Each structure stands twice: as structure tokens, then as C-alpha cells.
Amino acid sequence: METPSDWEDRLARWQNELELFEQLDETPWVTLAKAEAETGVSRSALRSWYRNGEIRSRLVDGPNGPQRLVQLNAVIERAAASPRIQRRAEREVSLEAQVTLLRHRVDQLELRLAALERK
């Protein structure tokens, strides 16, 4: 049975290998989960892209078995070429701007209310 320290050693070795890949290629290779988190591209889209040869990928041994890695820069470039992803990003930016504006308006209203309550 594997002990926690064995698991931590395997995880540390795997992370060192990922760092070595980045240094050798001078471009970051990341897991699908990290690529999804960094770019907002779904894992199913990432899988489709590497299966169709639109982005490079590689399989490496990970702490839980084989792990698929993709080049983060290639994902970013491919996402920029996708009209659907661009529309979604624009909507998210638009929503973020709306939230910022609403927060500002709420702050102003709270100040006005506080001033009225003091009177």
C-alpha cells in the first residue's frame, strides 16, 4: 500500500518533469484542466483540437496514470481564431463591466442612504 510520503514523492517528481518539459520547449505544456482554467476553453474543445491536429499534445506519466498535456500558447492562439469563443469572451467582459458599474452604483446609493439617515 502506498503511503502519503510515497504519493508526495511521485507528485513532486511529476511536477519536476512538467517544469523540465517547459524548459526544453521554451513554451509551457499544461494539463487540460489548467488549459481550461487559463483560457476558458472547454476540455471537450481541447480534446477535439488535439485529435484534429489543430494543437499539439503529449501524454506523460502523471501521479494518477497517463496525463494529457497541451501547449498553452497554442491553445491561446487557437482560441483567438474561434469566433464562438471570442463571442463568449466578449459577453463575459461585458458582464464583468456591468457588474463593476452596478457595484459602483450600489456604493453611491449606500453613501446617499447613509447621508439621509444622518439627517
Accessible-area order (highest first, 1.4 angstrom probe) of the listed residues TRP14, TRP29:
TRP14, TRP29
Rel. contact order, % - alpha carbon contacts under 8 angstrom, at least six apart, the chain:
21
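Calculated from DSSP H runs of 4 or more alone, at -39500 (n - 2.57) each and per residue, what is the 222 nm mean residue ellipticity of the chain, nearest 500?
The helix-only estimate for the chain comes to -23500 deg cm²/dmol at 222 nm.
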Expected sort for 49-62, 104-117, 30-43 on mean C-beta neighbours within 10 Å, highest first, is 30-43, 49-62, 104-117
Ignoring solvent entirely, what values of log10 I(q)/I(0) come out of the Debye formula for the chain at 0.15 Å⁻¹ when each Cα is a single scatterer?
-0.78
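The values are calculated or read from the model by the stated rules, or taken from the named source; none is laboratory data. Since the model is a prediction, treat every value here as computed from it, not as a measurement. Every residue, glycine as well, gets a Cβ built from its backbone with ideal geometry; the counts of neighbours run over all protein chains shown. Only protein heavy atoms, including side chains, enter the accessible area calculation; ligands, DNA and RNA are left aside. Shrake-Rupley method; radii C 1.70, N 1.55, O 1.52, S 1.80 Å.
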